[in-house]
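Accompanying notes for the structure given below.
The values are calculated or read from the model by the stated rules, or taken from the named source; none is laboratory data. Worth saying up front: this structure is predicted, and the values here are computed from it rather than measured. Counting neighbours? That spans all protein chains shown, and the Cβs are built from the backbone with ideal geometry, glycine included.
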Amino acid sequence: MADKETFDSAYPLPAYRFVVALGDDDSMTFSEVSGLDVEYEPITYKDGLGTRHMPGMATETNITLKRGIMLGKAELWDWISKTKLNYGERKDITISLIDKEGGDPLVTWKVLGAFPTKLTAPTLDGNSNEVAVETLELRADDVQLEFA
């Protein structure tokens with residue numbers, strides 16, 4: 001019979017156990033994180049021997065964070081409000097998949113030099129019973145990946 005370590009390493013990690021830390025702030029809860037992409041523009045080079053392709057410049061990194069609105073929790077509004085004052089505060093963000101016990105990070109994405117570009121308020125609908133979710137869009141300089 002396989003031991004626990006072998007069993008845990010044989011299956012992919014679940015995507016629902018994650019924590020997000022914005023800069024030096026404590027961890028915040030989010031319902032969804034997307035856009036942790038690394039992409040390079042291809043360059044096409046044509047000569048007398050044919051066509052060749054090679055990697056070019058990195059594309060822009062756009063991260064989207066979604067979370068339910070909670071009373072007294074205006075950190076995202078405060079952050080984007082500084083942008084309209086022409087003070088674009090950049091933060092390094094860590095997003096970690098964590099173990100079953102909820103403590104140790106197993107995989108961590110480090111988003112470097114992120115700043116907010118858009119904060120979307122929830123859709124308000126009197127016929128719905130869904131949670132009010134706000135969406136924050138960020139632009140970042142780089143994304144790095146670390147395994148535990």
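Numerical summary
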| read-out | value |
| --- | --- |
| Failed item in (1) on the phi > 0 side of the Ramachandran plot; (2) modelled with pLDDT of 90 or more; (3) not aliphatic (A, V, I, L, M), with Asn86 passing the rest | (2) |
| Qualifying residue in region 74-90 (condition: over 17 Å from Phe30 (Cα atoms), surrounded by 13 or more Cβ atoms within 10 Å (Cβ to Cβ), free of Cβ contacts under 8 Å to residues at least 60 places away in the same chain and touching a helix residue (DSSP H, G or I) at 6+ places or on another chain (Cβ under 6 Å)) | yes |
| Residue within region 55-62 that is touching a helix residue (DSSP H, G or I) at 6+ places or on another chain (Cβ under 7 Å) and in a loop (DSSP other than H, G, I, E, B) present | no |
| Residue match in region 63-78 (condition: of a type outside the set (Phe, Trp, Tyr) and over 26 Å from Ala132 (Cβ atoms)) | no |
| Residues of region 120-148 that turn out to be in contact (Cβ under 8 Å) with a residue 12 or more places away in the chain and either under 10 Å from Lys66 (Cα atoms) or assigned to a loop (DSSP other than H, G, I, E, B) (or both), as a count | 12 |
| Criterion (closer than 15 Å to Thr108 by Cα and among the aromatic types (Phe, Trp, Tyr)) met by exactly one of Tyr40, Tyr11, Tyr16, Tyr45 | Tyr16 |
| Residue count, region 91-113 (criterion: without any contact (Cβ under 8 Å) to a residue 40 or more places away in the chain and not in a loop (DSSP other than H, G, I, E, B)) | 3 |
| Selection within region 15-36 - modelled with pLDDT of 85 or more and exposed (fewer than 10 other Cβ atoms within 10 Å of the Cβ) | Ala15, Tyr16 |
| Extreme residue, farthest from the chain's Cα centre (by Cα), among residues of region 37-68 that are among the hydroxyl-bearing types (Ser, Thr, Tyr) and surrounded by 13 or more Cβ atoms within 10 Å (Cβ to Cβ) | Thr61 |
| Scope region 129-146; condition touching a Leu at 6+ places or on another chain (Cβ under 9 Å), loosely packed, with under 14 Cβ neighbours inside 10 Å and acidic (Asp, Glu); matching residues | Asp142 |
